Amino acid sequence: MYQLTTPTRNETWGAYPLTTPYARLAGRPISGAGVPTRLTDIPRGISLIVNGTTVTESMTPNQDALAAADAYYLGGHVYTIDDAAAQILLDAGYSEWLRQL
């Protein structure tokens, strides 16, 4: 058995005045016309969609893609998966997101 923590990706958003000291760019002023006065990074979950031995990443999976998939793991979640499912993810290069139980 394995534990899968789905990947995340930091995206930079204008967040003033809702900055957090824990974000990589929080509170750093920038300049330029039409640009927010401050930026912050917000982690967004990446969903993994499995079809056979092919794993596809999606930031915004739609219902049709999920319904057609052999398996899917929604971004921002933790799953317990069996060895066969883990092997597909390991072969696709997602070893850093898996932990053997």
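Around the amide H of Asn10, modelled in the peptide plane, lie the amide H atoms of Arg44, all under 5 Å away and 5 or more residues distant in sequence or on another chain. Extending 7 Å from the Cα toward the beta-carbon at both Ala71 and Gln3 defines two label points whose distance is 1.8 nm. The distance between label points at Thr56 and Val78 comes to 2.9 nm (points 7 Å beyond Cα on the Cα→Cβ vector).
A short reminder: the numbers here are calculations on the coordinates, not readings from a lab. This one's a predicted model, so the numbers in the text were calculated from it and none came from an experiment. Counting neighbours? That spans all protein chains shown, and the Cβs are built from the backbone with ideal geometry, glycine included.
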